[in-house]
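Reviewing the structure listed below.
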Amino acid sequence: MTDPTEDSNPSLAAIIASLLLAIVIVGGLVIAGARIYQRLPAHTGPTVAIDRSGSSTLRVVVRNRVVNATLRSPLELYHFDLAAARREFEASPRQAKQFDDFLGRRMRDLTPVKAEVSPEGIAVAMLSAGDWWLHATAALDTGEKIEWRLPIPVSDRDQAIELSFENAYERTKEF
């Protein structure tokens, strides 16, 4: 007959074998998880661009509402009062022949906050309160190009901006 104490107390070899088996199983799970993680696609959500000016930031979400248009990334957001620049240009038109030239000179040293566009056509930026200017382009399936130049007054709350044909600056087609 066997001694009951022998069955309840495993031998040293059995304990070591159990520990090694547990280590191998956990190691295999970690390696399998790492391989799966490496094969995942890149982050597809909207990248959040942040204004680093030091003041409190507000969330601005930009959505592309033009059907069959691919919004080009990144969107550029400049801390710039476009409406005031337009008034200044109209007050002294001799400074430049075209507003685009005038605008280019005024914005030469400004660094934009860039917001990447998700595959769904959404970009998110954290901007400080004040006057901003959004520049974006999109390509239509028909070969047309759409450009937006929008003044954005960022105030005391988060906001959403929808890009559409109605608020587009220019729509061109190359032949």
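The values are calculated or read from the model by the stated rules, or taken from the named source; none is laboratory data. All of these numbers come straight from a predicted model, not from anything done at the bench. Neighbour counts are summed over all protein chains in view; Cβ atoms, including those assigned to glycine, are modelled from backbone coordinates with ideal geometry.
Quick notes on this structure:
- Number of the exception - ILE36 against (1) surrounded by 10 or more Cβ atoms within 10 Å (Cβ to Cβ); (2) more than 30 Å from SER128 (Cβ to Cβ); (3) at pLDDT below 85: (1)
- Just one of (1) modelled with pLDDT under 70; (2) touching a Lys or Arg at 6+ places or on another chain (Cβ under 8 Å) fails for PRO74. It is (1).
- Yes/no for VAL66 being at pLDDT 85 or above, more than 18 Å from the chain's Cα centre (by Cα), under 23 Å from ILE161 (Cα atoms) and in the same structural domain as TRP148 (by TED's automatic domain parsing): yes
- Candidates PHE99, PHE165 - the one that is touching a residue at least 24 places away in the same chain (Cβ under 8 Å) and out of contact with any Pro (no Cβ under 7 Å at 6 or more places or on another chain): PHE165
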